[in-house]
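Here's the structure we're looking at; comments come further down.
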Amino acid sequence: MNEKNISVFEQFVEDIKKAYDAVGIAVSVFDKEKVLYRNNFGVRDAQTGLPIDDDTIFGCASISKSFTAMSIMQMAEKGIIDIEDPICKYLPEYTDPQKDPVCIKHLLSHAGGFFPMPRILVQQVAEELGIWNGGKSELTHDE
């Protein structure tokens with residue numbers, strides 16, 4: 001990326017930040033071999049003004065589900081797995097208490113029939129990484 005492209009791209013990111021009223025955004029652009037661009041924009045806490053840095057934790061919400069589903073479908077195309085199989089075929093420690101087995105295809109559509117499970121808390125992850133500071137500076141959001 002040349003200087004002009006970087007400038008145009010960074011203005012684009014700032015425009016998105018403003019349009020969505022985001023206090024901060026972290027951006028990475030990469031190809032198969034390396035990181036082409038990486039930068040942090042804005043702050044991780046609007047009240048303190050602390051900037052986003054490489055240790056800032058962002059909640060990904062359900063975004064990772066799309067990548068997981070894509071990976072599963074690629075494995076199915078290659079014949080590595082079958083989406084019609086019950087998940088216990090691949091996760092033998094999972095015992096299915098339901099009459100009809102939970103299959104891989106159910107997980108792809110978020111229709112596995114599981115009861116709500118507690119979310120992994122950002123605080124817990126930050127504590128495990130040794131960067132927890134009482135929610136004062138290390139997180140993008142902490143209720």
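The values are calculated or read from the model by the stated rules, or taken from the named source; none is laboratory data. Note that this is a predicted model, so its numbers are computed, not measured. Please note that ligands, DNA and RNA were not included when accessible areas were found on the heavy atoms of the full protein model with its side chains. Shrake-Rupley method; radii C 1.70, N 1.55, O 1.52, S 1.80 Å.
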Quiz prompt | segment 69-109, accessible area per residue, ligands and nucleic acids excluded (1.4 Å, Å²) | solution = 73 Å²
Self-check item: segment 27-68, accessible surface, carbon-and-sulfur percent (1.4 angstrom probe)
Solution: 54 percent
Quiz item: Which order do Leu36, Leu108 take by accessible area at a 1.4 Å probe, largest first?
Solution: Leu36, Leu108
Quiz item: Which residues' amide hydrogens lie under 5 Å from the amide hydrogen of Gly24, considering only partners 5 or more residues apart or on another chain, with H built in the peptide plane?
Solution: Val43
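So which of Lys34/Lys89; Lys65/Lys89; Lys32/Lys89; Lys17/Lys65; Lys4/Lys32; Lys18/Lys105 end up more than 28 Å apart by C-alpha?
Lys34/Lys89; Lys32/Lys89; Lys18/Lys105
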